[in-house]
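J.: Can you read through this structure? Questions will come right after.
Taken together, the values in this text are just the output of simple stated rules run on the coordinates, not laboratory data. Since this is a predicted model, take the numbers as computed values, not measurements. Every residue, glycine among them, receives a Cβ derived from its backbone with ideal geometry; neighbour counts consider all protein chains shown.
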Amino acid sequence: VNKSPVSATLKGTEVSAPDSFAHRVSSRLYTNTKLRLRLLIATPLLWLSLVYVAALLALFVTAFWTMDSFTGEIRAEWNLDNFVQLFTNSLYQTVTLRTLGIALMVTIADILLALPIAFFMAKVASPRMRGILVISILMPLWASYLVKAYAWRSVLSNEGILQWLLRPLGLDTPGYSLVGAALTLGYIWLPYVILPIYTGLEKVPQNILEASSDLGAKTWSTLRLIVFPMLLPAIAAGSIFAFSLTMGDYITINIVGGATQMLGNLVYTNVGTANNLPMAAAIAMIPIAIMFIYLSVIRKTGALDNL
Amino acid sequence: MRLSKPAKAVLAILSALTLVYIYTPIGVVLVNSFNASKNMSWPPSEFTLHWWQVATQSAGMLSALGTSILVATAASAIAVVLGTLLALAMSRYKFFGKQPVSLMVILPIALPGIVTGIALNNAFRTLLGVQLTIATLIVAHATFCIVTVYNNALARLNRMNRTMEEASADLGAGIWTTFRLVTLPQIASALVAGALLAFALSFDEIIVTTFTAGGGVETLPIWILNNMFRPGKAPVVDVVAVVVVLISVLPIYFAQRLTAQERSR
């Protein structure tokens, strides 16, 4: 497999004197596994815990602090005011329900769109075709999220391609609205849903499907009774992306949502314009809490082992 | 289950329609970058290279491109070092708390971008009391880029034959020499693939970026966001959008090739 690295080692090594400093360090490290592990893991672990985990914990703590509305300073006094706001102010309930509704709609629509093409890729297409299809789903997945949202700004515009396609049918583009935003979000996350479902379908063995038909099951019964139950974890895994990414979105809504607000927009205005970090942190707890509930429900299907 | 010919045909048609759906909006942007009309009107009646010319002369765009490349390069470099160290530790050792560590690497990319963004924004400004600059942006990007390098390096290390390293040590090579001449050459292409993915991830990131870039820092995605709502700017934004897609998709293509080559060997 590889060009012999052993001979390379012999040629390239200048054996250091047995009592040199470099040699002592090297043999110390060779014999002391624990020290070696510590040296390897120290930097990445420090980075992740200091930069990220500490930041997450701090965000949680900040949600229980207050901003002095007079001076604009953040006061480190523990209180539940932000959360009282969240539960009593109807704005937050409306926006939470709206965000949840869009996230569920987008997720279900994406699953329905993903199933036929995933099925075609896994069970109908030739190996060569399959390879091409995987690449053509993978490329747009990595293409810039912002560009995809921006593309829909063109698509949905009054003189855009959607209006051009719909006019002969006597219909109009939904324009920059809640519907427009839902369409765009569904579009952006579709490849994220197709790929896990495709991988899941590939794992369904062909001989089980043949056995089912040999035993007299119609195609539809096989799909319902054999394929669907086996595919459920993969569908659930795909749904995590569409759901989580929609829950936290605010840029797409800004670009194609018109005046519609989602939870992400409330977080962003509180960080930016209002400069009220504690309130923003409290609002951010809503999508986090919903995601945790969603993940714990979905975990039962075994979806998390499918990521 | 044996699919009938008509059923297969229906599936093929639905798949083709899905692909058309996936590629049309991106295609519209590409076509609009040559559209002579200023207001994205479809179908284009005349084509022009004018907007591409305007874009290449836009100083703001060029400096944003430079910033994006700088940030993506620095973030990938940090991610390569941290991701490789972590992958070596995770593949070679058993230790207490291994599970939480692997969760910690994925978390920055698994949680919605807005959570990562606001958490880092809060940590930089409130906790550390530092100004948001290009440095805070690089730190933020490096944090969510570690996972791509880590995943690639870990997969390779787990499939690697350890006997060569043992042979090297038996032949008298020190720990550093063995890494440089035996381990590194075997994982190098996985690291390059991971770095390419990290670059692409950082290059077009927008959500975490809006929360962690300083006021004067403009990456290419921020430039797009700032310009897309300005009247008359749409065609130039189309050009830049096409460039962003190219710069982020090409590394993915090469990374894909690198990993596919390794698997087929």
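J.: Nothing charged except the Cβ atoms of Lys and Arg (+1) and of Asp and Glu (-1): what's the magnitude of the dipole of chain A about its Cα centre? Round to the nearest 20 debye.
T.: In total the dipole reaches around 1040 debye.
J.: Could you state the number of Å between the C-alpha centres of the stretch B:83-101 and the stretch B:202-244?
T.: 37 Å
J.: Could you work out the local net charge near B:N39, counting Lys and Arg as +1, Asp and Glu as -1, over the other residues with Cβ closer than 13 Å to its Cβ?
T.: Combined, the nearby Lys, Arg, Asp and Glu give +2.
J.: Classify the stretch B:186-265 as rounded, prolate or oblate, taking a ≥ b ≥ c as the square roots of the eigenvalues of its Cα gyration tensor: rounded when a/c is under 1.5, otherwise prolate if a/b is larger than b/c and oblate if not.
T.: Taking the square roots of the gyration eigenvalues as a ≥ b ≥ c, the stretch B:186-265 is oblate.
J.: Between the stretch A:228-256 and the stretch A:96-121, how far is it from one alpha carbon centroid to the other, in angstrom?
T.: Rounded to whole Å, the Cα centres lie 7 Å apart.
J.: While we're here: Taking only C-alpha pairs under 8 Å that are 6+ residues apart, what is the relative contact order of chain B in percent?
T.: This gives 30 percent for chain B.
J.: Shifting gears a bit: List every DSSP H helix in chain A whose Cα atoms extend 20 Å or more along the helix's own long axis and whose mean Kyte-Doolittle hydropathy is at least -0.5.
T.: Correct list, ordered by number: A:33-47, A:90-119, A:127-142, A:178-202, A:228-247, A:277-299.
J.: Compute the distance from the alpha-carbon center of the stretch B:133-164 to that of the stretch B:20-69, in whole Å.
T.: 34 Å
J.: Once the stretch B:1-71 is represented by equal point scatterers at the alpha-carbon sites, with solvent omitted, what log10 I(q)/I(0) does the Debye formula produce at q = 0.23 Å⁻¹?
T.: With one equal scatterer per Cα and no solvent, log10 I(q)/I(0) is -1.01.
J.: Give the relative contact order (percent, whole number) for the stretch B:1-127; include only Cα pairs under 8 Å separated by 6+ residues.
T.: Relative contact order comes out at 9 percent.
J.: Please give the calculated 222 nm ellipticity per residue for chain B, where each DSSP H segment of at least 4 residues contributes -39500 (n - 2.57) and the sum is spread over every residue; nearest 500 deg cm²/dmol?
T.: Mean residue ellipticity at 222 nm (helix-derived): -24500 deg cm²/dmol.
J.: Right, here's the next one. Placing +1 on the Cβ of each Lys and Arg and -1 on the Cβ of each Asp and Glu in chain B, which of B:S15, B:L111, B:G83 has its Cα farthest towards the positive end of the resulting dipole?
T.: The listed residue farthest towards the positive side: B:S15.
J.: Moving on. How high is the relative contact order of chain A, in percent, with contacts defined as C-alpha pairs under 8 Å that are six or more residues apart?
T.: 23 percent
J.: Related question: Expressed as cubic angstrom per residue, what is the convex hull volume of the alpha carbon set of the stretch A:153-230?
T.: On the way: hull volume 11.1 nm³, N = 78.
It comes to 143 Å³ per residue, whole-number rounded.
J.: Decide, for chain B, between rounded, prolate and oblate: order the square roots of the alpha carbon gyration tensor eigenvalues as a ≥ b ≥ c, take rounded if a/c falls under 1.5, and otherwise choose prolate if a/b is larger than b/c, else oblate.
T.: The shape class here is oblate.
J.: Averaged across the residues of B:228-235, what count of C-beta atoms belonging to other chains lies within 10 Å of each residue's C-beta?
T.: That average works out to 2.
J.: Related question: Starting from one equal scatterer on each C-alpha and no solvent at all, send me the Debye-based log10 I(q)/I(0) for the stretch B:107-265 at q = 0.14, 0.15 Å⁻¹, two decimals.
T.: Log10 of I(q)/I(0), two decimals: -0.85, -0.92.
J.: What does the charge add up to near A:M262, with Lys and Arg as +1, Asp and Glu as -1, over the other residues with Cβ less than 10 Å from its Cβ? Provide the component values of the computation, followed by the final result.
T.: Details: positive: A:R98; negative: A:D249.
So the environment of A:M262 carries a net charge of 0.
J.: Moving on. When the label point is put 7 Å from the Cα of B:L49 along its Cα-to-beta-carbon vector, which residues of the stretch B:17-33 have a backbone N closer than 19 Å?
T.: Under 19 Å, as judged by backbone N against the label point of B:L49, lie B:30-33 of the stretch B:17-33.
J.: Compute log10 of I(q)/I(0) for the protein assembly as shown with the Debye formula, placing one identical point scatterer on every Cα and leaving out solvent, at q = 0.06, 0.08, 0.09 Å⁻¹, to two decimals.
T.: Normalising to I(0) and taking log10 leaves -0.35, -0.63, -0.79.
J.: Now for a separate question. Would you compute, from DSSP H runs of 4+ residues alone, the mean residue ellipticity of chain A at 222 nm, taking -39500 (n - 2.57) per run and dividing by the full residue count, rounded to the nearest 500?
T.: Value at 222 nm, helices only, nearest 500: -22000 deg cm²/dmol.
J.: Take the alpha carbon gyration tensor of the stretch A:165-307, find the square roots of its eigenvalues, order them as a ≥ b ≥ c, and report rounded if a/c is under 1.5; if not, report prolate when a/b exceeds b/c, else oblate.
T.: Cα axes put the stretch A:165-307 in the oblate bin.
J.: Can you compute the equivalent ellipsoid semi-axes for the stretch A:73-130, i.e. the square root of 5 times each eigenvalue of the Cα gyration tensor, sorted largest first and rounded to whole Å?
T.: On the way: eigenvalues 442, 46, 9 Å².
Listed largest to smallest, the semi-axes of the stretch A:73-130 are 47, 15, 7 Å.
J.: Rank B:A200, B:F47, B:S58 by how far each Cα sits towards the positive end of the charge dipole of the protein assembly as shown (+1 on Lys, Arg Cβ; -1 on Asp, Glu Cβ) and give me just the farthest.
T.: Going by the Cα projections, it comes out as B:A200.
J.: If Lys and Arg each add +1 and Asp and Glu each add -1, what is the summed charge of the other residues whose beta carbon sits under 13 Å from the beta carbon of A:L141?
T.: Local charge sum for A:L141: -1.
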